[in-house]
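The values are calculated or read from the model by the stated rules, or taken from the named source; none is laboratory data. Remember, predicted model here, so these are calculated numbers, not experimental data. We place every Cβ from the backbone using ideal geometry, glycine too, and count neighbours over all the protein chains shown. We work out accessible area using only protein heavy atoms, side chains counted, and drop any ligands, DNA or RNA first. Shrake-Rupley method; radii C 1.70, N 1.55, O 1.52, S 1.80 Å.
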Amino acid sequence: MSENLKQSTGARILIFLVILLVSGTIGVAVSSVFMLMGNTGMKIGQGISSIFMFVVPPIVYYFVTRKEHQMRDLGFRSVNRPWPLFALAAIALIYVSIPVTTTLTTWNEGMKLGGALQALEDMMKALEESAAALTEQMLNVDTIGGLLLNLLVIALIPAIGEELTFRGVLQQGLTRRMNPHVAIILTAAIFSFIHFQFYGFLPRMFLGVLLGYMFYVSGSLWPSILMHCLNNGTTVLLYYLCNKGVIDDAEHFGETTNIWLIAASAMITVALVVWCWRKKAADSHA
């Protein structure tokens, strides 16, 4: 990992925030044109907004703050050995962890603040309902064309962009200055918070932790991009199948109250992360 930097830490943070603000503003302006063109236009606008918010800023940031312009510094590197096993572990983590994720979702949705924080709770619920309505509108497709567009806009573009921003820039920057475990967890918390869907904070942070560990142990963004894309893409596919009448309920797919299944999911998930960590350690000492 290159440390060939031109600016101080504070200057780099300011530069990234300025780039993010400018690029995000451009993205909102451009995407707003498409938002007026119906459901398909809304999705195209969403994709454009995601590109300007999460794909463009990290690339511009690294070209501004690096003396040598190497895309590998963003995380586009070869996967550490044994790369086929890391790829399989990445795929397994997404699906093995489903019972844990759905349990965290249930807990999170049942959170109540009340009292002096009732106004905050009402605001969070309003944001959640707005986001849920938009998500349902985007996922309500029953054609192959609509499915493919959703996979592009909801799965592929966010997977690339958010991994570039949160793992490629933020986690790498934090890892240089603190314990990697702390950096991974902190990045995951910011990743979850930035979505402003507080009743999904815990499962999204859990996903962020898994993505963070996979990026760290594999040495590359590719496995975490794969995981992120599979996570979002599976949701897109489930809603498509539900709309086609193949399955009954996409929203609660995979939910369980079986404590043994949840415990098994948690143990296998942890075991996979530990296995990947040990593979990285063994390879670094080889």
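Among the criteria (1) open to solvent by 10 Å² or more (accessible area, probe 1.4 Å); (2) under 30 Å from Phe34 (Cβ atoms); (3) of a type in the set (Gly, Ala, Ser); (4) modelled with pLDDT of 90 or more, the one Ala189 does not fulfil is (2).
Please specify each residue of the stretch 159-180 satisfying the condition of being under 22 Å from Asn231 (Cβ atoms) and in contact with a Ser or Thr (Cβ under 7 Å, 6 or more places away or on another chain). The answer is Gly161, Glu163, Phe166, Arg167, Leu170, Gln171. When residues in the stretch 108-118 are screened for being modelled with pLDDT of 80 or more and either closer than 10 Å to Glu255 by Cα or part of a helix (DSSP H, G or I) (or both), 2 of them pass. Just one residue in the set Thr269, Thr257 is within 30 Å of Leu147 (Cα to Cα) and not aliphatic (A, V, I, L, M); that residue is Thr269. Scanning the stretch 149-186 for residues that are in contact with a His (Cβ under 9 Å, 6 or more places away or on another chain) and either surrounded by fewer than 16 Cβ atoms within 10 Å (Cβ to Cβ) or of a type in the set (Val, Ile, Thr) (or both) yields a single hit, Ile160.
Among the conditions (1) modelled with pLDDT of 95 or more; (2) farther than 20 Å from Val60 by Cβ, Thr175 misses just one, which is (1). Of everything listed in (1) over 30 Å from Ser265 (Cα atoms); (2) modelled with pLDDT of 85 or more; (3) out of contact with any helix residue (DSSP H, G or I) (no Cβ under 7 Å at 6 or more places or on another chain); (4) open to solvent by less than 60 Å² (accessible area, probe 1.4 Å), the single unmet condition for Gly38 is (2). Look at Leu85 and say whether it is among the aliphatic types (A, V, I, L, M), under 30 Å from Thr269 (Cβ atoms) and either open to solvent by less than 10 Å² (accessible area, probe 1.4 Å) or free of Cβ contacts under 8 Å to residues at least 40 places away in the same chain (or both). No; evaluated as a whole, the condition is false for this residue. Selection within the stretch 90-107: residues that are small (Gly, Ala, Ser) and part of a helix (DSSP H, G or I). The member of this set that is surrounded by the fewest Cβ atoms within 10 Å (Cβ to Cβ) is Ala92.
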